[in-house]
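The values are calculated or read from the model by the stated rules, or taken from the named source; none is laboratory data. These numbers come from a predicted model, not from an experiment. Glycine also receives a Cβ, built like all others from the backbone with ideal geometry; neighbour counts cover every protein chain displayed. Ligands, DNA and RNA are excluded from the accessible area calculation, which covers all protein heavy atoms including side chains. Shrake-Rupley method; radii C 1.70, N 1.55, O 1.52, S 1.80 Å.
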Amino acid sequence: MLVLRFIQLSKLAAVGSLVALSAFGLPANVDRVVAEEIHSGVHPSPAVILQVLKAFDNPEGAIFSADGNHVFVSNSAEAGALSDGFGWVEGAGYISKLEVKANGELSMVTKRLITGITAPLGMGVLPVATKKFPAGTIFLCTGSAPLIDSNGQAVKDRGRMRSKLLAFNDAGEVLGEIDTGQGSAFERINGSPIILINALGFDADGNIYVTDSAIGGDQFDPPFEGKGGLWMIPHSALDALADGRTPSDPPVFVEIPGNPDGVEVSPTDGKIYVNTVGAFAGLTDPANGGVYALSKEDIANNNLGQMIDSGLGALDGLDFTADGVMLNAQIRGDIPGKITVNCKGELATTLVLQPGGAMSNLTGPADIAVRRYADGAQLLVIPELFARDATPGDDEVTVLALPAGFDTACTRDVAGLN
């Protein structure tokens, strides 16, 4: 059993800006070295590497189908060697479909199920049907900035940035889309289109929560002045928005500092959790890789919610295990890429990967996906973005097995740190 190491308050008190460490997170201004020390522990239940598939082009997102039989991977087609800057190649992205085999490994069904899309990123599965979209429909974030053409040049024309939610079924049939770009309901509400529509999650009622990381708007002429934050799209509004109509129950926006990225709804407390990625792009993030928890009331009242952890680097993907243990992907380039684990009411520890006992051997872990199966074990699928990789088609998706006791291994006692 791995032993977790804790920092005592007396040691933390030596940092001038740090007054207290609560069981629910760190102050936003915690010194980076101190934050790394606080999060130096490891989760006591290691994950087992089942498989590493090298068959993708900058894979950014993964999602299990509603029945758990398939995994879909978004190939974001980042600029690679075409450009020294960060950007998604216009029209070069695609979705891959894989089958989950009995041993937990994945096998390719269709490498290019949906093609010709720009910046396919995070995905989510609709749990409650609408008249237009059956339950199990997969919604995809796509069309974002920063945007480059096939020659590696930044796109200046604002009209070519068409962010949206694209809806498709397990067979790859496109069922509709919701415009989040120029002239959309989202621009009318917020004064700006969604610029980097990055990730999404559903609650049990079928409401969608979508992050806008608001990166890349300055490339256009004239530039977009985006606002990073979280959108809540009511379930009742999905069909109207997809048909280009104004819904009676419109989307709601909450601004979140630090360029929000991952978002997911907890299966245990029903709160909406959002993480921040600003440091990845060299932007200011007051939480230095933080996690916020918002209730539906927070969103309705335009409240930021509660910061539950910080100092984690640059966070990308966020998901929950079946019993509500939170996982975040750290993607910042100057510190190790890894998966962090937040048990309820605890600060993050690091997921150890076996074999080898490494705390990190992931490159650019992005929008992760978790699924529990009948034997109690859970699969964790990790797309590895491999930023600026010059050879598309050989980038990695790693499949991990979380053992049956993973969720109950949260034994860390933080009461003494209050």
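Remark: the chain carries a charge dipole of roughly 220 debye about the Cα centre, counting +1 on each Lys and Arg Cβ and -1 on each Asp and Glu Cβ. Peptides 230-237, 274-281 ranked from most to least packed, by the mean per-residue count of other Cβ atoms within 10 Å: 274-281, 230-237. The residues packed around residue 319, meaning those with a beta-carbon under 10 Å from its beta-carbon, carry a net charge of -1 if Lys and Arg are +1 and Asp and Glu are -1.
Working from Cα pairs under 8 Å separated by at least six residues, relative contact order for the chain is 19 percent. Placing dummy labels 7 Å off each Cα toward the beta-carbon, the span from residue 344 to residue 157 is 5.3 nm. Among the GluC sites (Glu not before Pro) in segment 199-280, those located in a DSSP loop and surrounded by at most 13 other Cβ atoms within 10 Å of their own Cβ are 225. Dipole size of segment 276-359 about its Cα centre, with +1 on Lys/Arg Cβ and -1 on Asp/Glu Cβ: approximately 120 debye, rounded to the nearest 20.
Residues of segment 84-123 with an amide N closer than 16 Å to a point placed 7 Å from the Cα of residue 283 along the Cα-to-Cβ direction: 86-88, 122.
Given their separation in residues at 0.36 nm each and the Cα-Cα distance between them, residue 334 and residue 297 gain 9.6 nm when the chain is fully extended. Stretched out straight at 0.36 nm per residue, the stretch from residue 268 to residue 182 would grow longer than its current Cα-Cα span by 27.3 nm. Rounded to the nearest 20, the Cβ-based charge dipole of segment 91-240 about its Cα centre (Lys and Arg +1, Asp and Glu -1) stands at 240 debye.
What separates the Cα centres of segment 119-166 and segment 229-258 is a distance of 15 Å.
With the whole protein complex present, residue 410 retains an accessible surface near 40 Å², based on a 1.4 Å probe.
Take 54-65, 374-385 and order them by the average number of nearby Cβ atoms within 10 Å per residue, most first; the result is 54-65, 374-385.
Using a simple spin-label model with pseudo-atoms 7 Å out from Cα toward Cβ, residue 361 and residue 67 lie 3.5 nm apart.
Taking the square roots of five times each eigenvalue of the Cα gyration tensor of segment 250-345, the equivalent ellipsoid has semi-axes of 21, 17, 10 Å, listed largest first.
Taking the charge dipole of the chain about its Cα centre, with +1 at Lys and Arg Cβ atoms and -1 at Asp and Glu Cβ atoms, the residue from 115, 402, 284 reaching farthest to the positive side is 402. Calculated mean residue ellipticity at 222 nm for the chain: -1500 deg cm²/dmol, from DSSP H runs with n ≥ 4 weighted as -39500 (n - 2.57), summed, divided by the residue count and rounded to 500. A crude spin-label estimate for the pair residue 204 and residue 115, with each label 7 Å from Cα along the Cβ direction, gives 4.3 nm. Our estimate of slack between residue 54 and residue 323, defined as 0.36 nm per intervening residue step minus the Cα-Cα distance, is 93.8 nm.
Which entry is the computed percent of Cα pairs over 36 Å apart for this structure: (i) 19; (ii) 28; (iii) 60? Among (i) 19; (ii) 28; (iii) 60, the one derived from this structure is (i). Each of 223, 128, 59 was placed along the dipole of the chain (beta-carbon charges, centred on the mean Cα), and the one lying farthest toward the positive end is 128.
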